[in-house]
Structure formats: structure tokens, C-alpha cells
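K.L.:
Questions regarding the structure given below will be posed in turn.
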Amino acid sequence: MAQTDPESPAGDAAGGTVEGGGDHGGSWGFSTRAIHAGQDPEPTTGAVTVPVFQTSTFAQEAVGKHSGYEYARTGNPTRTALQTALAALEGAAFGVSFASGLAAEDAILRLLEPGDHIVMGNDAYGGTFRLIAKVFGRMGITWSAHDLTDPSELDRNWPEATKLVWVETPTNPLLTVVDLAAVSAVARRRSGARLVVDNTFATPYLQQPLAHGADIVVHSTTKYLGGHSDVVGGFVATDDPEVHDHLTFIQNAVGAVPAPWDCYLTLRGSKTLSVRMDRHNDNAAAIVELLQAHPGVTSVLYPGLPGHPGHEAATRQMSGYGGMISFRVGSRDGAMRVTEATELFTLAESLGAVESLIEHPGAMTHLSAAGSPLEVPDDLVRLSVGIEDVADLVADLAQALERL
Ligand SMILES: Cc1ncc(COP(=O)(O)O)c(C=O)c1O
């Protein structure tokens, strides 16, 4: 879908290719890329950090003769830097940023036409389900939910019109792990179906889906990439030039673009992704230990546990198990009591930031999936373990668990 917009050159500067930043995205290590890819000092002033180009338009020397930027919906240098940096983190040729994770998902879903089908997992972020079922479902696009932990089931029951296979791994909120190479092998056998992976929970530091057969990677950068609960955003990475053309066209044609200040905040947050993720991993491991030892907790859902059904796949495709943990307590009342009793773990939606959060998915983030195949158990509690001192987190959760 390589359409061009007569009002936009949508060239490399606007699209944000890795090569476009003049960086060493391919050879640098992860943390170096996070700090430097697409982030050379600003040439006019030497500013070391990428400035917030808070402008809606750009002066032209003559009609059509400009620096590569003409109008800020089409392209903005702060956004280019963000796109280049995040693409480098995913090891992708192209990156395109959006105003939210759902706007990024919406842009991908616009690859489809009436009559096309989406295969999705039977556990996913409720907002993704709402977008697919209630927005795209009304436009003649069909969907089905599958247990993607069993790719042979998908192979046997493959809907012929499938154009996208939409995978989250680990999933929100049940922390289910999908073997990306196995699902990608099924999708590859069926010509024309692209594999989309929502990498929000793992982050590119722990998992790079393009290396495991994904065609498109999507993020809510609101979460770990931004990392500080201060900005909403979305991002898509791909190596496929056709998908990239489609995304930049939609970015400009629909206009769900992130503001320059939001790009700056996300870029600033993503510089420290590796050190934050190491601490999230460590803190989560201590919290898992506490939960496992508690008699009131009936199950702990965390891919780092050897007994987790997806542990082997997670170990193959991830370099750490992340900061998200869910657990069940046997009753909705118990779950409500625990979520309302913590002090350091703030009761709030969202995840992936420096501060710890707790929530009840059934009544909060996943309410929109109630009554669907993606409905979540009502005794489930979800934790986003932050990077505070682990002893304080353990003490806080331990006193809340006394309410069980
Ligand atoms: C896994 C996942 N994907 C996508 C989204 C949507 O992102 P946003 O809230 O930035 O639109 C979320 C939001 O919670 C999420 O958890």
C-alpha cells in the first residue's frame, strides 16, 4: 500500500528510518543505541539532548525547497529522533510513532479490508480486543480468539481469510507466553498473513520479536519505554517497506501523531530502559517469592517460574522475565481487599513505570472484555513491580496480603 500523499513527501526524515539518523544503530550495544541512536548533538547549537521542536510548521526557502520538514503532522525532528531510536532498539529498519498505543494498533489494523480476518490470542489487553471487535468488527473485518500457546490448534482451525495474527507475549493480564517462532511458522505457511507482536510487557530489552519471525512489532510506549507514568504514546517497528509506507501514510493521513514534548519525554525515558528493566526483573523475583509462600494466594502467574507453562518458550525468546506479575486469591472480595490495602503499590491502571502499581483487571483494565472469550477471572490481581527498594515493596505487599 505504497500510496503517497500529494501534501507530504513523507521521506526518510519524516518516517524515521534507522539509517536516516546517521548513527551506528546496527553495531552498537543496546544501551548505547538507547542513548545515541538518532540522537546526534543538534547541529546548529550543539545541544547534546534532542530539542523539543515545538513548532507546527517549517520555513521553506522556495516553494517545495525545505530541510525535509514542512508541516509537523507529517514530520517533526523530535519525533524522527524518537522513531530512529526505538527502531534501533527493536533491531528494525523502520519505526513510526503515534499518539497512543491504541492509535499505533489502529494504524496497523488499517492494513485490512472488509472480508479480512484477524486471529488473536484468547488473552490480550482489553483495549486491543475492544478496538478489533467493536471498531474494526463494524467495518466488515472478522476476528477469532485462539489459544496461541497451542499453535497446532491454530494450524488445524486456520480461518482462510486471515491477514493478521495478533499476538501478545507475555499477555496482559494472565502473563501467558506464546512461542513466537512456532506461531510465525504457522502464519508463514499461510501466504499473506502477517504476524503482529505487542511487545509492551517484555520491551525490546528483554525480547525482540522481529528476530523470532514477527513482521510488525507494536508498543504502548506509555509503559516501560516511557517508563515514568508521565506520557501516553505508541510505536510500531517493522522491516517491511510496504508496511512502513502504509504506516507513514496513515500517520499523516489520519494524524494521530505524538506531540513534540511527548516524543521528548518518551525519548528521555527510553534512554534508561536497560537499567530500569534489570531492576524490574530483580524486584519482581522477590515479590514472586513472597506470593508463592503466602497461603492465601492460590496461584502466581509469572513466566520466570519453572512451573509456568510458558517458562521454556520465555527462556528461549526473552532475556529476562520482566516486572509484571499476576496472582489469584480465590475470591473477588479477597482481590478487592488486597488491591485496596497497599500503600506503596498505587491502585491505578497502567504499568511499566518506576513506581509500583496494583490493580483488579476484571473491574479496571479488562472491563471491556467482560462477557467475551477474553474475560479475565475476577479473583485476579495484577502488579506492575516498580524500581523502589525491594524490601519496602515486599513489606507493603505482605501487610496487604494479611487482609486475605
Ligand atoms: C499490552 C498493551 N498494549 C496496548 C495498550 C494500549 O496502549 P495505550 O494505553 O498507550 O493506548 C496497552 C495499555 O494498557 C497494553 O497494556
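K.L.:
Filter the range 340-356 down to residues that are touching a residue at least 40 places away in the same chain (Cβ under 8 Å) and within 18 Å of V329 (Cα to Cα) and give me whichever is surrounded by the fewest Cβ atoms within 10 Å (Cβ to Cβ).
P.N.:
A341
K.L.:
Is at least one residue of the range 125-133 part of a helix (DSSP H, G or I), under 25 Å from H360 (Cα atoms) and without any contact (Cβ under 8 Å) to a residue 40 or more places away in the chain?
P.N.:
Within the range 125-133, one or more residues are part of a helix (DSSP H, G or I), under 25 Å from H360 (Cα atoms) and without any contact (Cβ under 8 Å) to a residue 40 or more places away in the chain.
K.L.:
So, in the range 90-149, how many residues would count as being in contact with a Pro (Cβ under 6 Å, 6 or more places away or on another chain) and within 16 Å of the ligand (Cβ to nearest atom)?
P.N.:
Result for the range 90-149: 5.
K.L.:
Restricting to the range 72-89, and then to whatever is away from the ligand (no atom under 16 Å from the Cβ) and among the aliphatic types (A, V, I, L, M), can you tell me which residue is surrounded by the fewest Cβ atoms within 10 Å (Cβ to Cβ)?
P.N.:
A72
K.L.:
Test T203 against the stated conditions and say whether it is crowded, with 21+ Cβ neighbours inside 10 Å, away from the ligand (no atom under 16 Å from the Cβ) and polar (S, T, N, Q).
P.N.:
no
K.L.:
Please report, ordered by residue number, the helices (runs of 4 or more DSSP H) entirely within the range 285-404 with at least 3 residues that are touching a helix residue (DSSP H, G or I) at 6+ places or on another chain (Cβ under 7 Å).
P.N.:
Because the criterion is at least 3 residues that are touching a helix residue (DSSP H, G or I) at 6+ places or on another chain (Cβ under 7 Å), the helices (runs of 4 or more DSSP H) in the range 285-404 that meet it are 390-401.
K.L.:
How many residues are in a helix (DSSP H, G or I), within 16 Å of the ligand (Cβ to nearest atom) and under 24 Å from L174 (Cβ atoms) when one looks only at the range 206-251?
P.N.:
Looking only at that region, the number is 2.
K.L.:
Okay, moving on. Say we look at the range 363-380 and pick out the residues that are away from the ligand (no atom under 16 Å from the Cβ) and not polar (S, T, N, Q); which of these is surrounded by the most Cβ atoms within 10 Å (Cβ to Cβ)?
P.N.:
Residue satisfying both the conditions and the ranking: D379.
K.L.:
Which count do you get for residues in the range 31-82 that are at positive phi and free of Cβ contacts under 8 Å to residues at least 40 places away in the same chain?
P.N.:
Number of matching residues: 2.
K.L.:
So, in the range 150-180, exactly how many residues are away from the ligand (no atom under 16 Å from the Cβ) and under 16 Å from A202 (Cβ atoms)?
P.N.:
Of the residues in the range 150-180, 1 are away from the ligand (no atom under 16 Å from the Cβ) and under 16 Å from A202 (Cβ atoms).
K.L.:
Checking the conditions here, which among V196, V186, V177 is surrounded by 24 or more Cβ atoms within 10 Å (Cβ to Cβ) and not in a loop (DSSP other than H, G, I, E, B)?
P.N.:
V196 is the lone residue from the list that is surrounded by 24 or more Cβ atoms within 10 Å (Cβ to Cβ) and not in a loop (DSSP other than H, G, I, E, B).
K.L.:
Name every residue in the range 36-71 that is exposed (fewer than 14 other Cβ atoms within 10 Å of the Cβ), outside any loop (DSSP other than H, G, I, E, B) and either among the hydrophobic types (A, V, I, L, M, F, W, C) or under 25 Å from the mean Cα position of the chain (by Cα) (or both), in order of residue number.
P.N.:
A62
K.L.:
Which condition breaks for Y264 when tested against (1) more than 17 Å from S384 (Cβ to Cβ); (2) assigned by TED's automatic domain parsing to the domain that holds V338?
P.N.:
Tallying (1) more than 17 Å from S384 (Cβ to Cβ); (2) assigned by TED's automatic domain parsing to the domain that holds V338, Y264 fails exactly one: (2).
The values are calculated or read from the model by the stated rules, or taken from the named source; none is laboratory data. Predicted, not measured: the structure shown is a model, and the values here were computed from it. Backbone-built Cβ (ideal geometry, glycine too); neighbour counts: all protein chains shown.
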